[in-house]
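Notes follow once the structure below has been shown.
The values are calculated or read from the model by the stated rules, or taken from the named source; none is laboratory data. For clarity, every value in this text was computed on a predicted model and none was experimentally measured. When we count neighbours, we look across all protein chains shown, and the Cβ atoms used for this are built from the backbone with ideal geometry, even at glycine.
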Ligand SMILES: Cc1ncc(COP(=O)(O)O)c(C=O)c1O
């Protein structure tokens with residue numbers, strides 16, 4: 001049936017669940033939910049729409065008011081789309097090490113991007129956003145604590161999963177966490193409606209905050225009071241900031257997490273590359289990392305199990321990162337051989 005959308009915002013969500021055919025072990029049904037199908041290419045489009053519409057409804061966000069958030073990128077890109085469509089100016093604070101494509105994308109969508117020092121990490125960009133919001137009377141979306149974030153996932157992501165697996169087995173659901181919005185919002189629905197589904201959470205091997213069992217210091221509003229002691233820098237942009245976000249802590253406190261897995265960076269990169277080369281699924285580093293976790297789950301699952309793995313964003317956001325470090329811009333020896341195998345249109349190469 002034909003369908004016309006009233007605005008780009010109506011295209012958020014309803015992402016496809018896709019079967020893995022070449023990388024799944026035999027006798028395991030492995031599926032991925034590809035969040036790159038969201039209009040701006042990541043799971044964060046859901047959060048962006050959810051928090052802005054909740055704040056409009058509550059009256060916290062006034063027409064034309066500036067929106068501000070601290071974000072490693074995808075939330076800013078999603079917010080930039082929502083703010084462009086709805087006419088809110090947007091300012092984003094972002095720590096220096098995150099990829100340059102992300103900054104440029106946000107600016108292309110009309111946002112202002114304020115870069116904070118690398119040494120101050122996630123905590124620094126959050127502090128800057130809070131300060132700017134207080135000073136200028138801007139609306140701070142507070143992605144790490146805002147209940148509208150998991151609420152959106154309970155209303156959309158979780159419902160989509162429930163519908164897509166209605167009448168079918170779903171033994172494991174595998175995710176990572178950035179804010180924990182996906183985790184909290186989906187886990188509480190699965191725990192209630194699909195108690196048969198085991199919830200598995202992945203985190204970087206270099207920043208095993210949940211695995212460590214060490215608690216997070218918090219301010220009275222739930223925001224982090226200090227960096228978590230076991231956190232170390234890792235390349236999984238969008239996962240595990242240098243603190244356990246309140247929403248992630250809430251999800252842990254629900255007591256419904258079956259297992260926490262630590263994922264090495266090299267495994268994450270390899271899985272992202274394998275998904276592209278062997279399944280034609282082009283996704284980012286945290287998707288590779290979650291998929292690496294899903295493969296570990298598959299290795300231990302009994303025959304005939306069904307596993308669903310979240311893939312949070314598109315690979316196009318990582319061209320300047322280590323994910324593409326080994327992808328050459330010039331022709332390789334093999335490509336040159338192909339070129340030289342017929343006479344026409346050969347490049348004149350120096351030397
Ligand atoms: C690339 C990427 N992966 C995973 C996530 C995790 O999503 P959530 O914030 O819902 O925990 C995010 C967002 O933080 C992200 O940008």
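Selection over segment 137-170 of residues that are farther than 23 Å from residue 57 by Cβ and either out of contact with any helix residue (DSSP H, G or I) (no Cβ under 9 Å at 6 or more places or on another chain) or within 12 Å of the ligand (Cβ to nearest atom) (or both) gives a count of 7. When the residues of segment 294-339 are filtered to those that are more than 13 Å from the ligand (Cβ to nearest atom), in a helix (DSSP H, G or I) and within 18 Å of the chain's Cα centre (by Cα), which remaining residue is farthest from residue 203 (Cα to Cα)? Step by step, filter segment 294-339, then rank; the result is 322. In the list 291, 282, 243, which residue meets the criterion of being surrounded by fewer than 19 Cβ atoms within 10 Å (Cβ to Cβ), within 14 Å of the ligand (Cβ to nearest atom) and either within 27 Å of residue 70 (Cα to Cα) or assigned by TED's automatic domain parsing to the domain that holds residue 211 (or both)? So the residue among 291, 282, 243 that is surrounded by fewer than 19 Cβ atoms within 10 Å (Cβ to Cβ), within 14 Å of the ligand (Cβ to nearest atom) and either within 27 Å of residue 70 (Cα to Cα) or assigned by TED's automatic domain parsing to the domain that holds residue 211 (or both) is 282.
Out of everything in segment 65-117 that is within 16 Å of the ligand (Cβ to nearest atom) and farther than 19 Å from residue 41 by Cβ, what residue ends up being surrounded by the fewest Cβ atoms within 10 Å (Cβ to Cβ)? Looking at residues that are within 16 Å of the ligand (Cβ to nearest atom) and farther than 19 Å from residue 41 by Cβ, I get 97. Screening segment 259-279 for residues that are out of contact with any helix residue (DSSP H, G or I) (no Cβ under 9 Å at 6 or more places or on another chain) and farther than 14 Å from residue 235 by Cβ and picking the one that is surrounded by the most Cβ atoms within 10 Å (Cβ to Cβ) gives 279.
Taking the residues in segment 32-51 that are surrounded by fewer than 24 Cβ atoms within 10 Å (Cβ to Cβ) and part of a helix (DSSP H, G or I) as candidates, determine which candidate is nearest to the ligand (Cβ to nearest atom). So the residue we want is 36. Residues that are closer than 23 Å to residue 158 by Cα and loosely packed, with under 10 Cβ neighbours inside 10 Å within segment 8-31 are absent altogether. Screening the candidates 186, 200 for the property of being assigned to a strand (DSSP E or B), in contact with a helix residue (DSSP H, G or I) (Cβ under 6 Å, 6 or more places away or on another chain), surrounded by 16 or more Cβ atoms within 10 Å (Cβ to Cβ) and outside the structural domain of residue 123 (by TED's automatic domain parsing) yields one hit, 200.
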